[in-house]
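The block underneath contains the structure these notes are about, expressed in structure tokens.
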Amino acid sequence: MAADPRSIESISKPAGDAVVEIQDVSRRFEDREVLSDINLFVPRGTILGVIGPSGAGKTTMIRMLTGALAPTTGEVSVLGRRPHAYRRQDRERIGYMPQSFMLYEDLTAGENIDFVASLFGLLWRRRRRRVREVLKLVDLWDVRGRQARRLSGGMRRRLELACALVHDPELIILDEPTAGIDPLLRGSIWKELHRLRDAGRTLLVTTQHVGEADECDIVAMIVDGRIVALAPPNELRRLATNGDLLDIETSADFDGANLIGLRGVRAVTQDGARHLRVVVDDAGRSLPIVVETIRASGVEVASAREQRLSFDEIFAILVASGGELRFADDARSAESTADDRGPTSPDRTASAA
Amino acid sequence: MRLFKTPTRILAIVGKELVSIVRRPSALISLVLGPFLIMAVFGIGYSGYRRPLATIVVLPADSGLPTDANAYKGVAGDGLEVDLVTTDEAAAMDRLNHQLVDIVVVAPPDIKTTFEAGRRSDIQARVNLTDPVQVAYAEFLARGLEAAINRQIIEQAVDQVRSFATDLGLRDPTRIPAYVIAAPTAADLDNVAPSEPTVVQYFAPAVLALILQHLAVTLIALSVVREKTSGLFELFRISPITTAELVTGKLIAYGIFAGAVACATIGLLVAGFHVPVIAQPGWIALVAALLVASSLGLGLLIAAVSDTEPQTVQLSLLVLLASVFFSGFVLAISEFSEPVRSLIYVLPVANGIRLFGDFMFRGATVVSWQLWLLAGLAVAYIGTAWLLLRREMARA
């Protein structure tokens, strides 16, 4: 379970085949900075999840990729071209699903998809086939003749997803595609996104559902316009806790300080006299050593397990650390925070990489 | 295959717009059937007959003139309806002040004596009106009354002179009738126009032009602004469609729709109101096409400068208001001063009314420059709107 620095390296530095490159990008609206120092490189054939609370700057970032907004500073490149200089051929390679419903209320589901397919230049025969395929894919085939205004919120999101996919684009930009969709259908949508990824498509997906981080190949956590973490999902856990996390309960009082200095142990948090949280390099290797050390001191171990934080918890930790780091000029203060709570500075991780 | 993509995109816009129009029957009803209904009510209700002004004639107490109102019918003409003949001027003025009558005519005392003394008598026509058009009409009627009374006086004088001449033994003094001497000429109006439409028929080209302009301006402007405000422009921006394709698609769609409305309207006007159409259908079609194209361009321009639907509706209504006032629909364009008159022609409907009227009622026009002007307006409006919308689509 050790962190593989190369995995972070590959997503934080320009790869040879990066579909999306965002370098030192900031965006201001009058005197308000909405995005700050964003660096992001999305290799071909991956799903990049952009996760953050509402108002974090996700949609602003997406709109810069579509060419709707220009960065105040920095460079954006999509499919090797700056968005404001997109040619028709470039646009035909991009699929975009906006956050809010933008289709025609008085057209049916099928007509809306057919219209978007026509905009992307699909000729009749292929268009007919693709409309049928995506309608079935998003489970709207049975309501294809229903006007969009009569579709439920979830159906509308699926309709927009179908429109983004109908021309079979190379890069698919989805702004909160699973918002308002029930968990069962959300699963099937992610399944389809994985299938697209496996077929070589590159996907950039924003979401407020932190739990969906697990569905992505790379996750960029964005808070207040800054990327506070950028890593594959498993690495996020390690970023949040600075390693693997062991949860130990003892049958008698035990001083966690006795574990400091053990090989592989990075930090110990005492959460009550009989409850410890130990951050280690590798849970598999360190767990027996820690248990043995406690027992050797004459205290029985009631339970010992590797703790897998939920992405909600990880997100909360990273957000908290990110916020503190932005305001902590003193490096020691930041490090002590990390030592106290466990998380590694995500900004440091990104910049180190 | 790339060659077919542009027509595919344009046809997508055309199809989408036409479907949207058909699925919004309320818009159709208000924009198309509404004006038809107004025209129908106008046709049924308007007779072109101007109500005669209710009149009181005030006579001097010792005038010896008849006090029967019917005796003054011929003198006053059709414009005045004498309700009462009285000697009580104060009571008559009281009724005028209370707007119970429109005009009080006060006859001067002893016209004959004054005439014989070689002086003019003043007939006072008093009105209580604020409407300048009505005042002008009353003045016109007063002049008519004055002429009629003068003619009667002359006829009476001629009769007196003739009987005096007979008494003197002059030969055939009655050869020339008194009314010919009093009014030696009579105007006989001969209209050489190829057709003489009724009042309702005369307004038909104006109604047609106004419907077409209002429909074209409003529908295309709302269609574009809805797409701007709903965020659909963002979809267009990321898709390969160009502003030119988008604008072309909309022009074709609304052009087809307005063409259908024009055909239906003309059919209804001809079949229902028997409006004469003398010119070849091609001329009517040309005027309709140019009017619709320039109106669609104006609508696109409104959409390009509007940020919200209410703003678009306001601007469309302003255009409609300006069209009603300035286009010749209510007031003749020739009644405006020169700088305003030149400006009026930037309204497509001002040219459309004149051209439709000429081709329908005369079969030809002497203002063919207005055809070129309509074409120029179409190019100018569409071109400017295209530039503005292109800038908006590309804005980043």
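None of the figures in this text is laboratory data; all of them are computed from the coordinates on show. This is a predicted model, so every value here is computed, not measured. Note: ideal-geometry Cβ built from the backbone for every residue, glycine included; neighbour counts use all protein chains shown.
Taking a straight Cα-Cα cut-off under 18 Å and skipping sequence neighbours fewer than 8 places away in the same chain, the aspartates and glutamates within cross-link reach of residue A:136 are A:111, A:114, A:160, A:168, A:182, A:192. Partner shielding of A:115-126 amounts to 6, given as the average count of beta-carbon atoms from other chains within 10 Å of each residue beta-carbon.
Listing B:263, A:216 from the residue with the fewest other Cβ atoms within 10 Å to the one with the most, what is the order?
B:263, A:216
Between helix A:124-137 and chain A there is an angle of about 40 degrees, using the helix long axis and the longest principal axis of the Cα atoms.
Expressed as a fraction of 2.2 N^0.38 Å, the value expected for a compact globular protein of N residues, the C-alpha radius of gyration of the protein assembly as shown is 1.59. Anyone know which of A:217, A:139, A:255 comes out most mobile in the 10 Å Cα GNM of chain A? Answer for the Gaussian network model of chain A: A:255. Average 1/r across all pairs of distinct alpha carbons in chain B, invert it, and you get the Kirkwood radius: 26.0 Å.
Label-to-label distance for residue B:30 and residue B:61 is 6.7 nm, based on points extended 7 Å past Cα in the beta-carbon direction. Per-residue mean of foreign Cβ neighbours for A:157-164 is 1 (Cβ atoms of other chains, 10 Å radius). Does region B:64-108 classify as rounded, prolate or oblate by the C-alpha gyration tensor (a ≥ b ≥ c root eigenvalues; a/c under 1.5 gives rounded; else a/b over b/c gives prolate, otherwise oblate)? It comes out oblate by the Cα gyration axes. With Cα atoms as the point set, region B:53-182 shows a radius of gyration and Dmax of 17.1, 57 Å. Normalising by the residue count of region A:243-306, find the relative contact order in percent from Cα pairs under 8 Å and 6+ residues apart. Rounded, it is 46 percent for region A:243-306.
Relative to the dominant Cα principal axis of chain A, helix A:109-119 is inclined by about 80°.
Within region B:58-121, list the trypsin sites (Lys or Arg not before Pro) lying in a DSSP loop whose Cβ has at most 14 other Cβ atoms in a 10 Å radius. Of the trypsin sites (Lys or Arg not before Pro), the ones in loops of region B:58-121 whose Cβ has at most 14 other Cβ atoms within 10 Å are B:119, B:120. Straight-line cross-link reach from residue B:112 at under 18 Å between alpha-carbon atoms covers these aspartates and glutamates, not counting any fewer than eight positions away in the same chain: B:62, B:122, B:146, B:155, B:159.
Please give the helix B:5-22 orientation as an angle from the longest Cα principal axis of chain B, in degrees from 0 to 90, rounded to the nearest 10. On a 0 to 90 degree scale, this one is about 50. Label sites at residue B:369 and residue A:312, each approximated as a point 7 angstrom past Cα along Cα to Cβ, lie 7.8 nm apart.
When +1 charges are put on Lys and Arg Cβ atoms and -1 charges on Asp and Glu Cβ atoms, the dipole computed for region A:243-306 relative to its Cα centre reaches about 120 debye. Reported value for region A:20-78: 78 Å³ per residue, from the convex hull of its C-alpha atoms.
The GNM of chain B, with springs linking C-alpha atoms under 10 angstrom apart, assigns the highest mean-square fluctuation among B:164, B:361, B:329 to B:164.
Above 12 Å, the calculated P(r) of region B:298-347 contains 65 percent of its Cα-Cα pairs. Straight-distance candidates among the lysines for linking to residue B:16, with alpha-carbon spacing under 20 Å and chain neighbours fewer than 8 residues away dropped: B:5, B:228, B:250. Rounded to the nearest 20, the size of the Cβ-charge dipole of region A:5-237 about its Cα centre is 980 debye, with Lys and Arg at +1 and Asp and Glu at -1.
Of the GluC sites (Glu not before Pro) found in region A:72-107, the ones in coil according to DSSP and having at most 16 other Cβ atoms within 10 Å of their Cβ are A:105. Hey, how much of the P(r) for region A:124-272 falls beyond 19 Å, as a percent of Cα pairs? Distances greater than 19 Å cover 65 percent of the Cα pairs. Per the Debye calculation on region A:243-306 with a single equal scatterer at every Cα and no solvent contribution, log₁₀ I(q)/I(0) for q = 0.14, 0.21, 0.24 Å⁻¹ amounts to -0.30, -0.70, -0.95. Around the amide H of residue A:97, modelled in the peptide plane, lie the amide H atoms of A:173, A:174, A:175, all under 5 Å away and 5 or more residues distant in sequence or on another chain. Shielding by partners for peptide B:157-165, expressed as the average number of C-beta atoms from other protein chains within 10 Å of each residue's C-beta, is 0. Sorting the segments A:143-152, A:228-237, B:252-261 by their residues' average number of neighbouring beta-carbon atoms within 10 angstrom, most packed first, yields A:228-237, B:252-261, A:143-152. Computed over the alpha carbons of chain A, Rg followed by Dmax gives 23.4, 79 Å. Remark: relative contact order (chain B) = 18 percent; criterion is Cα-Cα distance under 8 angstrom and separation of 6 or more residues. Each other residue within a Cβ distance under 13 Å of residue B:77 adds +1 if Lys or Arg and -1 if Asp or Glu, for a net charge of +1.
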